[in-house]
2 protein chains.
Amino acid sequence: MAKVAVGVDIGGTNLRFGLVDESGKILARKRLLTKGQEGPEKVLGRIRDGIAALIKTASESGHKVAGIGAGVPGIISHKDGVVRFSPNLPGWKDVALKSYIQREFGLPVVVENDANAYALGEAWQGAGRGARSLVCITLGTGVGGGIILGGKVWRGADGMAGEVGHITVNPAGPKCGCGNTGCLERYSSATAIVEMTMNALLKGKASSLANFKPGTLTSEAVDKAARSGDRLAVRVYKDAGKYLGIAIADLINLLNVEKVVIGGGMAGAWELFIGSLEAEVARRAFAIPAGRCGILPGTLGDDAGILGAAGLVVK
Amino acid sequence: MAKVAVGVDIGGTNLRFGLVDESGKILARKRLLTKGQEGPEKVLGRIRDGIAALIKTASESGHKVAGIGAGVPGIISHKDGVVRFSPNLPGWKDVALKSYIQREFGLPVVVENDANAYALGEAWQGAGRGARSLVCITLGTGVGGGIILGGKVWRGADGMAGEVGHITVNPAGPKCGCGNTGCLERYSSATAIVEMTMNALLKGKASSLANFKPGTLTSEAVDKAARSGDRLAVRVYKDAGKYLGIAIADLINLLNVEKVVIGGGMAGAWELFIGSLEAEVARRAFAIPAGRCGILPGTLGDDAGILGAAGLVVK
């Protein structure tokens, strides 16, 4: 019987499930709304339902489920699979996710941080394929990161490594939610795109976006304006690329990785920021490791997390 | 027969040799001048002489030499032990150091980058003892770095990882020899201490160092002035600590290592920079990994490189 795993990507909005075979093919999918505001018990129930549905699919199609992998936003205690805390899942404090799923299904379970799962997915089946070392950066509401060295996730002493979004790219920069100032996340996230644009608009900078009021502007609108040649919008994406380039040059000089993979929603604006990003890397990183390092857009989108989580069991 | 290794620390000025046992004790030492300007062949001859002397000592004292480890400044090709290039050893281009020593002595040989050897030494017998993950930063003429993760050196795809000195700590900062601007090395090396002080003096800043002319000032003089309460000198060391703190906060957020060990000549000025360094780490790094990470002065000094190199063979 062909071996498969269930990969679960637990997000603030959606729970995504995939039945993944050893070759990294997603044989079946399922999606449920997270409805995190209903609290951990309800969410755990939905996670169980999604897994159960795919296990049923597996047995109907003659596959043997080897185990379940789950990616969760937040701080994971890796030795026992407890979710210590999740900024995106209200009330998740010391939730014993691994033992819960294990009890429900009697199968091996691996719990991983979602950014690490994303990186593992891209490394296994996406833009990172073939690389033994890579950093995966996800640009969304915030900036996430996963570091893979020697083919394995580097989690650090407390499972908190990979916080690429909180590299200081400008020590005198704006305050970040983390308490630092000038974090990458303050320049190169979708949130930062909106804020940088809005700040310029409030200063009276000319732009086709001038009619947007605070709270109504989105990064997609800035993206669209930039593609129509709006100079302010173009400038904002260039700045986002520049600061991302500073952080990536740091990563290259520190880790000499084979690839940097950039995913997440904002990676869709690739052409708007890759020029200034690459110019900054060329200026700042050593030539040999910079020449080695491929900087690539992620190719898996929402599937990266599912594949990475499943791969922890079935790969 | 008790097993020992010869550890060699190849520097721009000195060649240091040590006979090291499995417990990390240095049983005998030898030092020769490098005289790098005489070219690679002469230096190789002196390396051979130093090793031969310690092998003789070993056999006289009834020890079995298990092999030879050598730390070299520069870019090493790890698979064949060739020194591709060394900024501190004139004419060293594609020098087959490993096969040369192997041929001379018929013993196993390991060649390692000197900053990595230093980090391995501190991890084995120094301030990093007990840590499975650490970053070792050496403050000297430049700023070097070695990264140990899971008990092993992380060398990167080209053996060029660990360039802590070339993290961008201020994107608008002064030009660095590497081509970048605002590298850590421009703020927190002995060279930078001198330059920052001299720049302030040339601007007419009041200081007990005012009589120093460009080219005569040393970081030791600035250190001494700071300890005597010279406000400019105090400020310069505080700034060096601040920028080092920015880089260390990046390392903590990225790698969540157990320890950061700071060695090299300038680490002797510890009390002059540790306050501003720790303040910056507290401001900029996440609380859990920052709380985990011990920031400590190296304890081995010039022995770190010898021990790290020998440990690659005998540990």
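The values are calculated or read from the model by the stated rules, or taken from the named source; none is laboratory data. None of the values given here were measured: they were computed from a predicted structure. Here Cβ is always computed from backbone atoms with ideal geometry, including for glycine, and neighbour counts include all displayed protein chains.
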(request) Would you check which residues across region B:33-43 are surrounded by fewer than 18 Cβ atoms within 10 Å (Cβ to Cβ) and in contact (Cβ under 8 Å) with a residue 12 or more places away in the chain and list them? (result) B:L33, B:Q37, B:G39
(request) Would you please name the residue that is surrounded by the fewest Cβ atoms within 10 Å (Cβ to Cβ), looking only at residues in region B:5-32 that are in a strand (DSSP E or B), among the small types (G, A, S) and more than 19 Å from the chain's Cα centre (by Cα)? (result) B:A28
(message) Could you tell me how many of the residues in region A:123-181 are of a type in the set (F, W, Y) and out of contact with any strand residue (DSSP E or B) (no Cβ under 7 Å at 6 or more places or on another chain)?
(response) 1
(request) Test B:R46 against the stated conditions and say whether it is at pLDDT 95 or above and surrounded by fewer than 22 Cβ atoms within 10 Å (Cβ to Cβ). (result) yes
(request) Scan (1) touching a residue at least 40 places away in the same chain (Cβ under 8 Å); (2) closer than 19 Å to A:G162 by Cβ for the single condition A:S219 breaks and write down its number. (result) (2)
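Yes or no, residue by residue, for (1) under 27 Å from A:L149 (Cα atoms); (2) modelled with pLDDT under 95; (3) touching a helix residue (DSSP H, G or I) at 6+ places or on another chain (Cβ under 7 Å):
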site: B:R103; (1), (2), (3): no, no, no
site: B:E112; (1), (2), (3): yes, no, yes
site: B:G121; (1), (2), (3): yes, no, yes
site: B:R132; (1), (2), (3): yes, no, no
site: B:G145; (1), (2), (3): yes, no, yes
site: B:G162; (1), (2), (3): yes, no, yes
site: B:I167; (1), (2), (3): yes, no, yes
(message) I'd like the full set of residues that are among the β-branched types (V, I, T) and either over 21 Å from A:V95 (Cβ atoms) or in contact with a His (Cβ under 7 Å, 6 or more places away or on another chain) (or both), limited to region A:1-56.
(response) A:V4, A:V20, A:I26, A:I55
(message) Among the residues of region B:150-165, are any under 22 Å from B:G74 (Cα atoms), touching a Cys at 6+ places or on another chain (Cβ under 7 Å) and within 12 Å of another protein chain (Cβ to nearest Cβ)?
(response) yes
(message) Taking the condition of being within 14 Å of chain A (Cβ to nearest Cβ), in contact with a strand residue (DSSP E or B) (Cβ under 8 Å, 6 or more places away or on another chain) and closer than 20 Å to B:R227 by Cβ, how many residues in region B:262-311 meet it?
(response) 1
(message) Here is a check on your reading of the model: is B:S59 touching a Gly at 6+ places or on another chain (Cβ under 6 Å) and either modelled with pLDDT under 95 or hydroxyl-bearing (S, T, Y) (or both)?
(response) no
(request) Test B:K238 against the stated conditions and say whether it is among the charged types (D, E, K, R), over 18 Å from B:E271 (Cα atoms) and at pLDDT 95 or above. (result) no
